[in-house]
Amino acid sequence: MMSVTMSTKVYLNFYNTNAAWVIKSLSKPHSYVQSAAYMKIKVAPNYDDIEIPEKKKLRMMDKVPPPVLHTASNLAVQQRSEAKYCRGPEPIHNKLNYGQYGVQALDGGYLSHKHMDAWRLYINSKLTNVMFAEWRIEPPWKPVTKKGTGKRMGKGKSSISHYVTPVKAGRILLEVGGEIEYKQVYKMLRHVAAQCPFDARIISAEILQKEEEQKNWIATNNLNPFSFRYCARNNFLGIKKDLSPYDLKWSGKY
Amino acid sequence: MAALVKRVSPGWHLYNNWNFTTARFIQKGNFRRKKRTLTSQRVFLLATEEIVIAPPKPPKDISCTKYKAASNMYKEEVPNPYFEFRNKLCKEFLEKDESFLICHRNPVTASAVYDYRMKLKQKGFRLVFGMTNTLLRKNIPGTKFEALAPYLVSHNVLITSSNGSDFRSLPALLRKMPEFILLGGYVDGILLSRDNLMKYSKLPDLDTCRSETAGILSLIAGGKTSSLIYSHAQTLGANLKQYEKQIKEESD
């Protein structure tokens, strides 16, 4: 038994050495051809049109918003947890200001100060002199209340525990730009998209343009005369029973 | 009751109104997960789906040049200065009007390629890897090399002569290089296939051909008849009698 274990150990030690690697590589058939050729140098992209702002890094967001009502006690007021701030598509902040790269939300939800601080620290550490980043969301302003542990229901609305920013589907959260390409941006921003509490993706101006063109092409070349909007409003198949008023507004997409 | 119902069917609250079913000690539903749509909703969505006929893709079972030309219709060619430089080199190579041969290249080791290159160099030939099929196919149409297009499909190698050496010795050389398979070429202003090249290699030297033609021409000019006529009378008479006999035998 001892001899077997020793031989296996020796075999494993040899297998991990450089000599074994050289022998393995020689036994493989090399099916490449060496030939003198010109080096294939890629043409460098042109960054003359890009304007880098003065403040390149992401600014720090306040945890608590400044008080809106200047009362004597200066206390913050609780709000209802309204889903209207997260429902539906984003009508305004769904385009890139600097026309380069960014993170877009695909669903609605809430973002807290924890998310923003983590992204700020990570992205500011990865930025170089030739890159910049900017927030496209507001600092947290919507109060969220929480009851203490073990407390029974009732006895009024509880106190505020933290603040959040509501986000709608299609909203752009961050923008990154400068002398940078999509591959480098993807490595930076994939963590941001993964840490969102809702679905998010990394976009560039080309992706948005292609999607718009595709949407317009589909709208012009659609052969189906029965559109969702028309059929829903006229109660085809009695479908109003199973649809919500938001489906009539947004054609079943949100 | 609610707890009992929860144990029986875990997703029951998704199909029921959540407002009437809230209670203590019940697991909060996962609102991020999309609800399963009802059959009526699914039927409605399928009926109102957008029907679009996409543009046709280029077919794959046509020849290489036509496939590339068809696929380039859907792509915009971006001008690449490196490609233009190589294109210029290819045009100069074709305008030189040098004779070259095309060989198919099977997978081969780098050391073997070096050996073959040295052997060919000793005989006065040169291996060329830089002229790719895409470049040649772009510059061939409209020239005398248009018929070589069927050979420019797979991995290829060109063999040219650096000193103007004779291409007749190449088929024998290429027998020692099994990875290079002769396809055809352009030799002395003529496009040749593989069979024609093998015939060309079996032809004798130019000097021997010239000497043969000179001999034939001298015969036509009357070299032999004059020697026969100016020979001795006896020999001439004997030759003439023999000639007469031959004609009679042939006519019989």
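Taken together, the values in this text are just the output of simple stated rules run on the coordinates, not laboratory data. Since the model is a prediction, treat every value here as computed from it, not as a measurement. Positions of Cβ are generated from backbone atoms using ideal geometry, with glycine treated the same way; all protein chains shown enter the neighbour counts.
Some values worked out for this structure:
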read-out: Relative contact order of the stretch B:99-252, defined on C-alpha pairs under 8 angstrom at six or more residues apart (%); value: 29 percent
read-out: Residue-averaged beta-carbon neighbours from other chains (10 angstrom radius) around B:84-91; value: 1
read-out: Cα centroid separation - the stretch A:188-217 against the stretch B:83-154, whole Å; value: 46 Å
read-out: Length added when fully stretched, B:E146-B:S218, from 0.36 nm per residue minus Cα-Cα; value: 21.7 nm
read-out: Residue pairs, from the table A:K146/A:K253; A:K142/A:K249; A:K114/A:K151; A:K56/A:K249; B:K121/B:K202; A:K126/B:K35, whose Cα atoms sit over 29 Å apart; value: A:K146/A:K253; A:K56/A:K249; A:K126/B:K35
read-out: Partner chain coverage, peptide B:107-114 - average Cβ within 10 angstrom; value: 4
read-out: The stretch B:147-252 - convex hull of alpha carbons, volume per residue in Å³; value: 220 Å³
read-out: Nearest-0.05 FRET efficiency for B:F83 and A:I218, computed from C-beta distance (R0 45 Å); value: 0.80
read-out: Rounded if a/c under 1.5, otherwise prolate or oblate - the stretch A:86-235, Cα gyration tensor axes; value: oblate
read-out: Pairwise FRET efficiency - B:H155 versus A:Q184, Cβ, R0 = 30 Å, nearest 0.05; value: 0.30
read-out: Contour minus Cα-Cα distance for B:E98 and B:R126 (0.36 nm per residue); value: 8.9 nm
read-out: Modelled FRET efficiency - R0 51 Å, A:K95 with B:A110, Cβ distances, 0.05 increments; value: 0.45
